[in-house]
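Okay, so here's the structure we're looking at.
The values are calculated or read from the model by the stated rules, or taken from the named source; none is laboratory data. Fair warning: this is a prediction, and the values are worked out from it, not measured in the lab. We place every Cβ from the backbone using ideal geometry, glycine too, and count neighbours over all the protein chains shown. Side chains are part of the model used for accessible areas, which takes the heavy atoms of the whole protein and leaves out ligands, DNA and RNA. Shrake-Rupley method; radii C 1.70, N 1.55, O 1.52, S 1.80 Å.
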Amino acid sequence: MEKIVQSLPMVALRGMTVIPGMVVHFDVSRPRSIAAIQEAMINDQKLFIVTQKEVDIDDPVQKDLYEVGTIGTIRQMIKMPQKVLRVLVSGESRASLHSIVQEEPYLVGEVENFEDRQTELPEGVEPEIAIRSLKDVYVEYVAKKGKVSKETIADILKIDDVYKLVDEILVNTPLYYKDQQEILEEKDFWERYEKLVDRLMNEVQIMDLKDRLQRKVKERMDKQQKEYILREELKLIREELGDDSTLSDAEEFEEALRHLKASKEVKEKLEKEIKRFKSSMNSVGESGVIRTYIETLLDMPWEKRVKDNTDFEYAQKTLEEDHYGLEEVKERVLEFLAVRSLTKKGDSPILCLVGPPGTGKTSIARSLAKALKKPYVRISLGGVRDEAEIRGHRKTYVGAMPGRIANAIKTAGVKNPVVLLDEIDKVSTDYKGDTFSALLEVLDSEQNYKFRDHYLEVPLDLSEVLFMTTANTLQTIPRPLLDRMEIIEVSSYTENEKLHIAQEHLIPKQLKKNGLKEEQLKISKHAIWKMARNYTKEAGVRQLEREIGTICRKSAKEILTTKKKRVVVTERNIEKYLGKEKYTYQMANKTDEVGIVRGLAWTSVGGDTLQIEVNVMPGKGEVLLTGQLGDVMKESAKTGISYIRSVSREYKIPDEYFETHDIHVHIPEGAVPKDGPSAGITMATAMISAITDKKVRADLAMTGEVTLRGRVLPIGGLKEKLLAAKNAGIKTVLVPKDNVRDVEEISTEITKGLQILPVETMDEVLNIALIKE
């Protein structure tokens, strides 16, 4: 065929390829396409038909069209409604598009028709073999496709010319338009032959796979239908027998499982247990155990969580409203909230609040949950001594149940609640296992995402739980457990803090509890201070609340019996409601004395002052220690004696003095046990004062551990000790130099009016304490 370059009107088709020899009709609605068809009809009815690369382009240019298309002749044109033309075209020859020479009012392309490159047959392939192979593939294709008429198939199978056979199959096979375009563009005949065979075989494989999938789906549906019918029959039989409860329970469990948000492991475990439940219908005992287990697993909030509250101001306001003081705890919680707000993630802290009873450790956890808008669960660990209390019992035991941790998560209903482990220092151990060791995994953020409860038997994620623990002392908590928690010390309240707590929280609470209105009872500021000082002796405010409750009850009775409209409680009339004072502070001595020194002590209910008395008498060199002293305190006294003997010449004490005199150290309130090293410098000062007959300042108190060489070592509980000194009317307090940093952290409310002097050696202590004559 002679190559001819000609200009022809063009129509761009979307999602369709026209092949030489094909007679096809299509609809056109684009103005340029309609104008091109009309122009072709005026002339020789010749038209260049080319396919668009992308179907969503409305006004294609040359780069949007394939390079190879088909020159066709318009056989028929019908006008349809809504400006649509239906055109019948017969493809005649392939042609390549050189350029578009006109774009308006219709496309005109400069095209060149070309014929197949007649190349040699591949080596070892006979034309007859090529024809037979193509026919076999085509027969297999139409057998599966079923969209080609029998007459067409018969006509194609009669063709003996391989060139004509390829064209006819291509024309009569409904391949994807991009596959047809790829074959159309191939100029080498044998390459086109191979591509056609490849596409047909590919279609056969796809249809095989589709048939297989449809068969499997049908089999599965048949199986489900069969199971449904059998299940309905079984249900009917059980209804007739009057025993349909177990099956209905199983169906309820399966329905709940379908809606359960949980990991694949949990769902597989539940499926297995539900099957066991169905098969255990004849055994009441076994089915009861399995039923309880399934219900527990279904009730657990595996993937259910409450949305984190990011309202920083609301959280801050809530914490301030519910509690006065506790600044360090509030600060830490707000830091956690701030980080969570910025990062949208972050590890939940594990906080341990340590402090005396009644200081608000437990209630701050409830306020924290309220501030975070999360469910709150409290677990009391006091007296827990069995490891199974934490990890649960294995479900093989009669009456087995999940541990307290898993039960708390179940009670909360979400996987990220606030959980308070109350009184963690009161946990004990016995032969049944170490409870502290079980808590190690719970409170370790690196391990608790896969906490394994013995009863549940599947991992439980505790990594999103915000754990808080409370303790009165750290002495009984093992070191590895302490290492996993962030320790925050909650110290004793000052009198001023107790006043604010009483006014803002305790009095309104007790008024409401006892049915009184605010205008019916007024307790003055000085009355509250007197209650805190003389009617309670505690670090917290529990006893103070009880005393306020007593006043409210007596006031309620007084209002009803005397018809009074208002009761005012002041410092003067408080004895009328609470009776005589229960506690008195041992105030500072008015005169300086020999052998009497005021020490400072820390107790579980706050600070206290200790008056240490020393007498020296003729004897055989014995040292007597009385006042129910502990071993550490006795050792401190002996250390003080050794120090005094080592410096005796500086204080002009004769060498034989300690062999001819007995020294008696006594600490009053003999019924109260006392221990600890912090009274070391106090006892040493009292002994030197008695031995040298020098007076000690009455307005001075001291605390610190003493060494054999006279160094003063740091101590703890300084805030409580300074508070006790202030309440006793002490003006000057000696503290170890290493405790100066602790003094700086104490509020000025406590330190105001106190002269706090840091000391490093006993020489400094004696220089300040002893009065020079």
Q.
Here's a check for you: in segment 88-128, which residue that is loosely packed, with under 12 Cβ neighbours inside 10 Å and modelled with pLDDT under 80 is nearest to Arg199 (Cα to Cα)?
A. Pro122
Q: Name, by its number, the condition in (1) in contact with a helix residue (DSSP H, G or I) (Cβ under 9 Å, 6 or more places away or on another chain); (2) at pLDDT 70 or above; (3) of a type outside the set (S, T, N, Q) that does not hold for Lys187.
A: (1)
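Listed here are the residues, each with its yes/no results for (1) aromatic (Phe, Trp, Tyr); (2) over 25 Å from Val306 (Cα atoms); (3) without any contact (Cβ under 8 Å) to a residue 40 or more places away in the chain.
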residue	(1), (2), (3)
Gly403	no, no, no
Ile409	no, no, no
Leu421	no, no, no
Ser428	no, yes, no
Phe436	yes, yes, no
Leu439	no, no, no
Leu443	no, no, no
Phe451	yes, no, no
**Q.** Residue satisfying all of: in segment 369-422; small (Gly, Ala, Ser) and in a helix (DSSP H, G or I); surrounded by the most Cβ atoms within 10 Å (Cβ to Cβ) among these
**A.** Ala371
Q: Filter the strands (runs of 3 or more DSSP E) completely within segment 492-605 down to those with at least 3 residues that are of a type in the set (A, V, I, L, M, F, W, C) and open to solvent by less than 70 Å² (accessible area, probe 1.4 Å).
A: 567-569, 596-603
Q) Do you know which of the residues in segment 129-155 that are of a type in the set (Val, Ile, Thr) and modelled with pLDDT of 70 or more is most open to solvent (accessible area, probe 1.4 Å)? A) Ile129
Q. What number of residues in segment 743-761 are closer than 19 Å to Ile715 by Cα and either in a loop (DSSP other than H, G, I, E, B) or touching a helix residue (DSSP H, G or I) at 6+ places or on another chain (Cβ under 6 Å) (or both)?
A. 8
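Determine whether segment 442-449 contains at least one residue that is crowded, with 17+ Cβ neighbours inside 10 Å and over 17 Å from the mean Cα position of the chain (by Cα). Steps first, please.
Quick first cut of segment 442-449, residues crowded, with 17+ Cβ neighbours inside 10 Å only: 442-444, 448.
Subsequent filtering for residues that are over 17 Å from the mean Cα position of the chain (by Cα) retains none.
Among the residues of segment 442-449, not one is crowded, with 17+ Cβ neighbours inside 10 Å and over 17 Å from the mean Cα position of the chain (by Cα), which makes the answer no.
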Q: For Val632, state whether it is assigned to a strand (DSSP E or B) and either surrounded by 15 or more Cβ atoms within 10 Å (Cβ to Cβ) or under 52 Å from the mean Cα position of the chain (by Cα) (or both).
A: no
Q. Considering only segment 179-216, how many residues are open to solvent by less than 80 Å² (accessible area, probe 1.4 Å) and part of a helix (DSSP H, G or I)?
A. 22
Q) Among (1) of a type outside the set (Val, Ile, Thr); (2) open to solvent by 10 Å² or more (accessible area, probe 1.4 Å); (3) in contact with a Pro (Cβ under 6 Å, 6 or more places away or on another chain); (4) closer than 23 Å to Asn589 by Cβ, which single condition is Ser678 missing? A) (3)
Q. Which one is modelled with the lowest pLDDT, of the residues in segment 324-341 that are surrounded by fewer than 19 Cβ atoms within 10 Å (Cβ to Cβ) and basic (Lys, Arg)?
A. Arg340
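Suppose we filter Val765, Val759, Val740 for residues that are among the β-branched types (Val, Ile, Thr), in contact with a Ser or Thr (Cβ under 9 Å, 6 or more places away or on another chain) and touching a residue at least 12 places away in the same chain (Cβ under 8 Å); which single one remains?
Testing whether each residue is among the β-branched types (Val, Ile, Thr), in contact with a Ser or Thr (Cβ under 9 Å, 6 or more places away or on another chain) and touching a residue at least 12 places away in the same chain (Cβ under 8 Å) leaves just Val765.
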Q.
So Met22 ticks every box in (1) farther than 15 Å from Gly91 by Cα; (2) at pLDDT below 80 but one. Which box is left unticked?
A. (1)
(Q) Looking at Leu466 and the list (1) closer than 22 Å to Gly382 by Cβ; (2) at pLDDT below 85, which single condition is not satisfied? (A) (2)
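Residue under question is Arg366, and the condition is that it be more than 30 Å from Glu273 (Cα to Cα), in a helix (DSSP H, G or I) and open to solvent by 70 Å² or more (accessible area, probe 1.4 Å); does it hold? Before you say what the answer is, go through the steps one by one.
Values: more than 30 Å from Glu273 (Cα to Cα): yes; in a helix (DSSP H, G or I): yes; open to solvent by 70 Å² or more (accessible area, probe 1.4 Å): yes.
For Arg366, the condition - more than 30 Å from Glu273 (Cα to Cα), in a helix (DSSP H, G or I) and open to solvent by 70 Å² or more (accessible area, probe 1.4 Å) - is met.
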Q | Flag if Ala471 is among the aliphatic types (A, V, I, L, M), surrounded by 15 or more Cβ atoms within 10 Å (Cβ to Cβ) and either closer than 25 Å to Thr292 by Cα or free of Cβ contacts under 8 Å to residues at least 24 places away in the same chain (or both) | A | no
Q. When you look at Pro459, is it open to solvent by 20 Å² or more (accessible area, probe 1.4 Å) and either touching a residue at least 60 places away in the same chain (Cβ under 8 Å) or under 21 Å from Leu337 (Cα atoms) (or both), yes or no?
A. yes
Q) Tell me, which strands (runs of 3 or more DSSP E) wholly within segment 1-114 include 1 or more residues that are closer than 26 Å to Val171 by Cβ, of a type in the set (S, T, N, Q) and free of Cβ contacts under 8 Å to residues at least 12 places away in the same chain? A) none
(Q) Looking only at residues that are of a type in the set (Asp, Glu) and surrounded by fewer than 16 Cβ atoms within 10 Å (Cβ to Cβ) in segment 729-767, which one is farthest from Arg711 (Cα to Cα)? (A) Glu749
